[in-house]
Amino acid sequence: MGYIKLNINILRFLYLFILIFTIVLVTPPHVFPPPNFMFLRFPTHLESMGSFLSVSWPITFEIYHLGLVVLTLIISINALGLTFLRIRPIAKISSFLGLFLITAIFLFFLFPFMKVNASTAIIYSIYFLFLLIVDLSTFLALIKK
């Protein structure tokens, strides 16, 4: 029991770190005009990627936005599920679904996007690998609880 409580406290800290790191990662490209921080501007490179799986880049861009919203919901529910007992059943489902979504995003950055812009792909694939590890840890902690 004490081991699981320690894991949950560490996971809470990791979710706080994710929030702060996401703000640090996303803010500069939105505050400073191009060509500053081009290595962090994923949507710009998405446009240069062209069609992906026979889907034009504007639709891919909309899928990207939808994925961000869903990912934000999953991470928020996971973080809340570690704190509030009532949300834990929903957080178990959320973290389970997050495993598939985050894995797909990680593989996208690791393989197809690597051909478009390697530095951006490496930064975001490492970020999503970290998210995947935290999500998997959350899922395991919630199941053991």
Residue count, region 39-94 (criterion: closer than 17 Å to Leu11 by Cβ and among the small types (Gly, Ala, Ser)): 5
query: Given the structure, is Ser94 closer than 20 Å to Thr22 by Cβ, surrounded by 16 or more Cβ atoms within 10 Å (Cβ to Cβ) and of a type outside the set (D, E, K, R)?
result: yes
statement: Checked Leu97, Leu80, Leu101 against criteria (without any contact (Cβ under 8 Å) to a residue 24 or more places away in the chain, over 17 Å from Leu140 (Cβ atoms) and either touching a strand residue (DSSP E or B) at 6+ places or on another chain (Cβ under 6 Å) or in a helix (DSSP H, G or I) (or both)); the one match is Leu80
- prompt: For region 59-86, which residues satisfy the criterion of being out of contact with any Pro (no Cβ under 9 Å at 6 or more places or on another chain) and either crowded, with 17+ Cβ neighbours inside 10 Å or at positive phi (or both)?
  reply: Thr60, Leu71, Ile74, Ile75, Ile77, Asn78, Ala79, Leu82
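Anything in region 30-77 that is assigned to a helix (DSSP H, G or I), more than 24 Å from Leu132 (Cα to Cα) and not acidic (Asp, Glu)? List them, or say none.
Within region 30-77, His30, Val31, Met38, Thr44, Ser48, Met49, Trp57, Pro58, Ile59 meet the criteria.
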message: Taking the criterion of being under 30 Å from Leu142 (Cβ atoms) and exposed (fewer than 12 other Cβ atoms within 10 Å of the Cβ), would at least one residue in region 37-57 satisfy it?
response: no
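Each reported figure results from applying straightforward, stated rules to the coordinates on display, with no laboratory input. Everything numeric here is computed off the predicted structure, so don't read it as measured data. Every residue, glycine among them, receives a Cβ derived from its backbone with ideal geometry; neighbour counts consider all protein chains shown.
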